[in-house]
Every structure is written in C-alpha cells, then in structure tokens.
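**Student:** Mind looking over this structure? Questions follow.
Derivation of every value follows stated rules applied to the coordinates shown; laboratory data play no part. Since this is a predicted model, take the numbers as computed values, not measurements. Quick reminder, even Gly has a Cβ in these numbers, built from the backbone with ideal geometry, and neighbours come from all protein chains shown.
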Amino acid sequence: MEKYEDLDDASKTALGAPTGAQQSNPDNGVYQQFDGGVIISSGEGSYVVWGLIRDKWNELGGSQGELGYPTSDETVNDAGQKQTTFQHGTVTWDEGATEAVVTPSH
C-alpha cells in the first residue's frame, strides 16, 4: 500500500482497484494485482508494471520468468519509448505499437 499511496492521482486512476489480496511468490517477493496493472516488490524496491509492458513480462513468466523482477517504474527513454527495466532485461513500448519489445541484459 505504501507504493500505491506514493503514486500521483493519474497513476492511481490508471492502476485502478485491487483485484484480490496481496500474494507471495516462492522466493518471498510479494505482489498486488490491480485492474490496470500490478505493484510488485522483491525486497529491493516496489514497482508498478502495467500496459503492454506488463503483458510482455507476463508472457515471459512475470517475476518468476526470464526477466525477473522489475528494477524501475515505467519511464520514457531518450527515443520517446516507454520502458521498464527488469533484473535481466528491458521492455520498451512505442506509442501506437501493438506489442512491447524485450531487450535482454548481456
């Protein structure tokens, strides 16, 4: 709830209402699903993942998959793309694109 309370009003509106109780992962990470995204924490910070970036991350197994946990909230990079960094890569999305793109860490 601390992360949710830190969000601005527009982000809270976009995230929407919780869809259930907080859940735990086998590695002790915790997450809370919302109508428009998820707030997830691995103990190294809590981050919001949503939209097509979330869809791509979930497609790859979410926090328990190849990208691991997020290490940032969504930002806008120098190319104007929305992006979220994860333990093992970055997912970017161009406005109007139908799918986000994964760049694995090297």
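**Student:** What net charge is computed for the residues neighbouring VAL76, neighbours being all others with C-beta under 14 Å from the C-beta of VAL76, Lys and Arg scored +1, Asp and Glu -1?
**Tutor:** Charge balance in the 14 Å sphere: -4.
**Student:** For ASP94 and MET1, calculate 0.36 nm times their separation in residues minus their Cα-Cα distance, and state this gained length in nm to one decimal.
**Tutor:** Answer, rounded to one decimal: 30.5 nm.
**Student:** Just one of (1) 50, 28, 23; (2) 34, 31, 21; (3) 64, 25, 21 is Cα extents along the principal axes in Å as worked out from the coordinates here. Which one is it?
**Tutor:** (2)
**Student:** Here's a follow-up. Would you mind calculating the gained length between THR13 and ASP27 on full extension (0.36 nm times residue separation, minus the Cα-Cα distance), in nm to one decimal?
**Tutor:** 2.0 nm
**Student:** Check the straight Cα-Cα distances from LYS56 and name the aspartates and glutamates below 20 Å, setting aside those fewer than 8 residues away within the same chain.
**Tutor:** Cross-link targets: ASP35, GLU66, ASP73, GLU74, ASP94, GLU95, GLU99.
**Student:** Charges only on Cβ, +1 for Lys and Arg, -1 for Asp and Glu: so what's the dipole of the chain about the Cα centre, in debye to the nearest 20?
**Tutor:** Computed about the Cα centre, the dipole is about 200 debye.
**Student:** Nearest 500 deg cm²/dmol is fine: what mean residue ellipticity at 222 nm does the chain get from its DSSP H runs of n ≥ 4 alone, each adding -39,500 (n - 2.57), divided by its residue count?
**Tutor:** -5000 deg cm²/dmol
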